[in-house]
1. For the stretch 3-132, what class follows from the C-alpha gyration tensor (a ≥ b ≥ c being the square roots of its eigenvalues): rounded when a/c is under 1.5, otherwise prolate if a/b is larger than b/c, else oblate?
2. Mind listing the long-range amide H neighbours of A20? Cut-off is under 5 Å, sequence gap 5 or more, other chains count too, H placed in the peptide plane at 1.01 Å from N.
3. Can you give the extra length, in nm with one decimal, that the chain gains between S12 and N70 once fully stretched, where that is 0.36 nm per residue apart less the Cα-Cα distance?
4. Can you work out the PRE-style zone for E102? Point 7 Å along Cα to Cβ, and I want the residues of the stretch 51-72 with backbone N under 14 Å.
Amino acid sequence: MDLIELLIKGISYNDTQNGAYALILGEAEGERKLPIVIGNSEAQSIAIAIEKEIRPPRPLTHDLFKNFCNRFDIKINRVIIHKLVDGVFYSSLVCEKNGNEEIIDSRSSDAIALAIRFEAPIYTHESILKEAGITIKIEKEIDGNNMLKDLFFNENSNKDDLLIKSNHELKELLKIAVQNENYESAAKIRDEISKRK
């Protein structure tokens, strides 16, 4: 099987989508990153699970699910991000009870929030990384800060600005966005490039 383990590299706020965050996953043994747009509550739940010292006064939904699983001897063995359709990632929880495995469909953000709590590995397929992964190797120096600022930080800019860029310009912008760790912008550029194939 072509499964590749992913590690959580960080979460950053998405300035362009109100209440949205980018969850950045990276290959355990590689350079590619996989940005996934998630909601505010999922970002908070993931951040709290990563930061072990923070304990909410009452269980969050993912904590409640873990408590339920623990009570009934259910383990989550792994999470697999198995499909990407129109920019939406689909995931599965591989669960075990009494030595029997079951696969449960899940939103990727929920699956990852649970994977952290169960200390379960996160995997994806090579084909998904090829389609949606971002590589941070830069082939040549580009003065791209101004290009990136013009595209994403201008008050008057909008998503239609991507539509007027050539494929070459989009690939250059993608490299710049990744180099500057602007993964939300990189994900948008990547999606536009994918639409044109």
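Laboratory data are not the source of any read-out in this text; all were calculated from the coordinates shown. The structure presented is a predicted model; accordingly, all values stated were derived computationally and were not measured. Don't worry about glycine lacking a Cβ; one is built from the backbone with ideal geometry, like all the others, and counts go over all protein chains shown.
1. Details: a/c = 1.82, a/b = 1.16, b/c = 1.57.
Verdict is oblate for the stretch 3-132.
2. Those qualifying (amide H under 5 Å, at least 5 residues apart or on another chain) are N14.
3. Working: separation 58, 0.36 × 58 = 20.88 nm, distance 3.08 nm.
Contour length minus the Cα-Cα distance gives 17.8 nm.
4. Within reach of a label on E102, which here means backbone N under 14 Å from a point 7 Å along Cα→Cβ, the stretch 51-72 contributes 68-72.
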